[in-house]
Amino acid sequence: SQHQEVGIVIGDPHDIDKIAAALSLYLSLSALTKDVQIVSRVDPIVEFSHLFGIDRIAKEFKGNVKAFTISLPYREGEIEKVSYKIENEKLNINLLAGDKHVSFSENEIQYIKKGAIPLLISTIGITDNDTLTQFFDISPDMKFINIDNNPENTAFGDLMYVDASFSSLCEVVTKMIIDMGWPIDADIAQNLLDGITFATSNFSS
């Protein structure tokens with residue numbers, strides 16, 4: 001649907017073809033819907049800085065906050081009861097001491113936000129499902145689009161654009177974008193061309 005959140009996960013090691021393919025897909029999907037995120041475990045190197053959209057790559061998904069945890073040290077006997085009260089449009093969480101007094105200090109309190117993981121994930125240059133668990137816990141609700149040209153790809157996912165006869169990932173993404181009728185503009189085209197040029201050693205291989 002138009003408003004579904006989409007995540008793109010880039011495999012490593014990186015090369016220009018892989019990054020350009022992922023960014024081209026990201027830019028094309030972004031033209032269709034606003035909720036697209038792109039992640040990689042590894043920071044892109046300076047060599048890729050000319051690719052359009054390179055600044056959008058993050059280390060993890062940061063969706064709308066679905067869980068907010070207040071974490072603090074717990075020592076036996078210090079906290080007997082936890083309660084909350086809403087007053088003046090504020091949520092007050094009360095920690096009531098037990099036999100001992102509360103000994104932790106304010107700088108020991110951690111605030112942990114957890115964002116929603118998109119339920120539609122597109123993988124770029126990732127050969128198997130196990131790699132994805134390094135990014136997030138896989139839930140049964142998730143759907144996966146597997147994009148790869150590696151003959152060792154295990155053919156996981158719900159929709160596969162996996163073809164080892166393609167010389168570059170950018171060619172696979174180009175086919176996908178055209179098949180789906182998604183947008184291509186000058187920036188996307190340049191990324192795709194850069195990836196194909198790199199992967200084919202300037203069209204010589």
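The values are calculated or read from the model by the stated rules, or taken from the named source; none is laboratory data. The model shown is predicted, which means the values in this text are computed figures rather than measured ones. So basically every Cβ, Gly included, is an ideal-geometry build from the backbone, and we count neighbours across all protein chains shown. Heavy atoms of the whole protein, side chains included, go into the accessibility calculation; ligands, DNA and RNA do not. Shrake-Rupley method; radii C 1.70, N 1.55, O 1.52, S 1.80 Å.
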Seminar exercise, completed: For residue 100, counting only aspartates and glutamates whose alpha-carbon sits under 12 Å away and dropping same-chain residues fewer than eight positions off, the answer is 76, 78, 80
Problem set entry | Selected from 118, 183, 73 as most flexible by GNM, with the chain as the system and alpha-carbon contacts under 10 Å | 73
Problem set entry | Whole-number percent relative contact order across region 70-155, with pairs defined as alpha carbons under 8 Å at least 6 apart | 26
For this session: Kindly write out, for region 75-89 in residue order, the coupling ³J(HN,Hα) from the Karplus curve 6.51 cos²θ - 1.76 cosθ + 1.60 (θ = phi - 60°), rounded to whole Hz, with x marking Gly and Pro.
Result: 10, 3, x, 7, 10, 9, 8, 10, 9, 9, 9, 9, 8, 6, 6
Problem set entry | Ranked by how many other beta carbons lie within 10 Å on average, peptides 141-149, 79-87, 153-161, 95-103 from highest | 141-149, 153-161, 95-103, 79-87
For this session: Using a 1.4 angstrom probe on heavy atoms only, work out the carbon and sulfur share of the accessible area of region 5-84 in %.
Result: 52
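Just to confirm, what accessible area per residue do you get for region 61-147 at 1.4 Å probe, in whole Å²? Walk me through the numbers before you get to the answer.
Details: 6240 Å² over 87 residues.
The answer is 72 Å² per residue.
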For this session: Taking 7 Å along the Cα-to-C-beta vector as the label spot, tell me the residue 45-residue 193 distance in nanometres, rounded to one decimal.
Result: 2.5
Seminar exercise, completed: Kirkwood Rh for the chain from C-alpha pairs, in Å, is 19.5
Exercise. Hey, what did the chain get for relative contact order, percent, Cα under 8 Å, at least 6 apart?
Worked result: 26
For this session: Determine the calculated [θ] at 222 nm for the chain from helices alone, applying -39500 (n - 2.57) to every DSSP H run no shorter than 4 residues and normalising by the residue count; nearest 500 deg cm²/dmol.
Result: -7000 deg cm²/dmol
